[in-house]
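Take a look at the structure set out below.
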Amino acid sequence: MDFEKMHNEVLRAFNESCALAARQSYAGRGFRPPADAFFEEDTREIVVRFELPGMALDDIELLVDRRELVVRGVREFPTREGRVYQQVEMDYGSFERRVRLLVDVEPEVSTATYEAGVLEVRLTLSEREGARKIDIQTGGGEA
């Protein structure tokens, strides 16, 4: 077997194995976007930033409750007819990140922006302070 023929055979085997791997659904580690969370004293807001490179805004869902922020979505594996991957290091798939907050926030006045692959959520602190007293009513029935 001459060198060129052996070289072509190795390339053919490599391309076939890559094409087979690309046809199978991607089963990597899964995507887990990194997040930073911090408090800004001047605005009195909790800011949470998520790195979501390559994602469309429509693929991201954001939920906030009084003490929890949830971001979830799907980062799709890019497939295309005729594309043969040599290696895949980027992570893909469904994800959900939960950030527990140590204080109550007001979801109604919180904001979020998405720019250059970074989702930034600004959470306004709640004006409520600690426990709230609840008046106890009588049953109203005759004893």
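The residues of region 73-118 that are touching a residue at least 60 places away in the same chain (Cβ under 8 Å), closer than 20 Å to D36 by Cβ and of a type in the set (V, I, T), listed by number, are V99, V118. Restricting to region 41-97, name every residue that is closer than 19 Å to T113 by Cα, out of contact with any Lys or Arg (no Cβ under 8 Å at 6 or more places or on another chain) and of a type in the set (G, A, S). If the condition is that a residue be closer than 19 Å to T113 by Cα, out of contact with any Lys or Arg (no Cβ under 8 Å at 6 or more places or on another chain) and of a type in the set (G, A, S), then A56, G73 are the ones that fit.
Per the listing A37, A27, A22, the residue uniquely at pLDDT below 90 and outside any helix (DSSP H, G or I) is A27. Scanning region 59-72 for residues that are exposed (fewer than 14 other Cβ atoms within 10 Å of the Cβ) and touching a residue at least 12 places away in the same chain (Cβ under 8 Å) turns up D59, E61, D65, R66, R67, E68, V70.
Looking only at region 98-127, filter to residues that are acidic (D, E) and loosely packed, with under 11 Cβ neighbours inside 10 Å; which one of those is modelled with the highest pLDDT? Ranking the qualifying residues of region 98-127, first place goes to E115.
The values are calculated or read from the model by the stated rules, or taken from the named source; none is laboratory data. Because the structure is a prediction, the values reported are computed rather than measured. Virtual Cβ from ideal backbone geometry, glycine too; neighbours counted across all protein chains shown.
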